[in-house]
Amino acid sequence: MTDIFSKIDKIYNEAGHNHYGEGVSQIEHAVQCARLAVEEGERSDMVVAALLHDIGHLIGEVNSDHGNFSHDHAGAEFLSRYFPPGVTEPVRLHVSAKRYLCTTEAGYIDSLSEASRYSLEHQGGLMTEDEVTAFRAEPFYEQAIRLRRWDDEGKDETLASTPFNSFSRYVEDVCNV
Ligand SMILES: [Fe+2]
């Protein structure tokens, strides 16, 4: 196991029990998202992005009810010490992807969990036309949208758990160090 995976594993084992208003814990949400990425045949960088996209909720100052409304940027910044943009950019953009889909896709907003609808208001709400254009100009915007779909789906309270460390090989695959 690499040093970076040990470090991440420790963060999830210590703080991953928080739910932040969802039915599943952060660690369960992480592995469900990563599993969806694997099932869709994604490359390792996207599997790691899916696994770690909410790490910003687990580091630094967080609110025990809703976590950290800036967790997208906090997480990407933390991960950029260890991972390339193929991991960090979808993570940085996954909240923007929610705002984008709420703005541009009919019915999307109604499909969100209650916690996710609540946080939307604190994350800038719907996008303006300029924000939509700027989002589409991001090199990783399509990856961010794919990640967002797993994020919405990876909240199944009935699924049996997959061990967090079963994803270590994907982390090792894309690690910068
Ligand atoms: Fe998430």
For this session: For the chain, would you read off the P(r) tail past 19 Å as a percentage of all alpha carbon pairs?
Result: 53
For this session: Round to the nearest 0.05 the FRET efficiency obtained for residue 43 and residue 162 when R0 = 25 Å and r is the Cβ-Cβ distance.
Result: 0.85
Exercise. With +1 on each Lys and Arg Cβ and -1 on each Asp and Glu Cβ, how big is the dipole of the chain about its Cα centre, in debye rounded to the nearest 20?
Worked result: 320
Seminar exercise, completed: One finds, for residue 108 and residue 73 with R0 = 25 angstrom and r their Cβ-Cβ distance, a FRET efficiency to the nearest 0.05 of 0.65
For this session: Arrange the following residues from fewest to most other Cβ atoms within 10 Å of their Cβ: 87, 132.
Result: 132, 87
For this session: Using a cut-off of 13 Å between beta-carbons, work out the net charge of the residues near residue 97 (Lys and Arg +1, Asp and Glu -1, residue 97 not included).
Result: -1
Exercise. What FRET efficiency comes out for the pair residue 142/residue 2, r = Cβ-Cβ distance, R0 = 30 Å, nearest 0.05?
Worked result: 0.55
Exercise. What is the gain in length, in nm to one decimal, between residue 14 and residue 173 on full extension, counting 0.36 nm per residue of separation less the C-alpha to C-alpha distance?
Worked result: 54.8 nm
For this session: Grab the DSSP H runs of the chain that are 4 residues or longer, score each as -39,500 (n - 2.57), total them, divide by all residues and round the 222 nm result to the nearest 500 deg cm²/dmol.
Result: -18000 deg cm²/dmol
Seminar exercise, completed: With the charge dipole of the chain built from beta-carbon charges (+1 for Lys and Arg, -1 for Asp and Glu) about the Cα centre, the Cα from 104, 78, 33 projecting farthest to the positive end belongs to 78
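Computed from the coordinates by the stated procedures, all read-outs in this text should not be read as laboratory data. None of these values were measured; they are calculated from a predicted model. Glycine also receives a Cβ, built like all others from the backbone with ideal geometry; neighbour counts cover every protein chain displayed.
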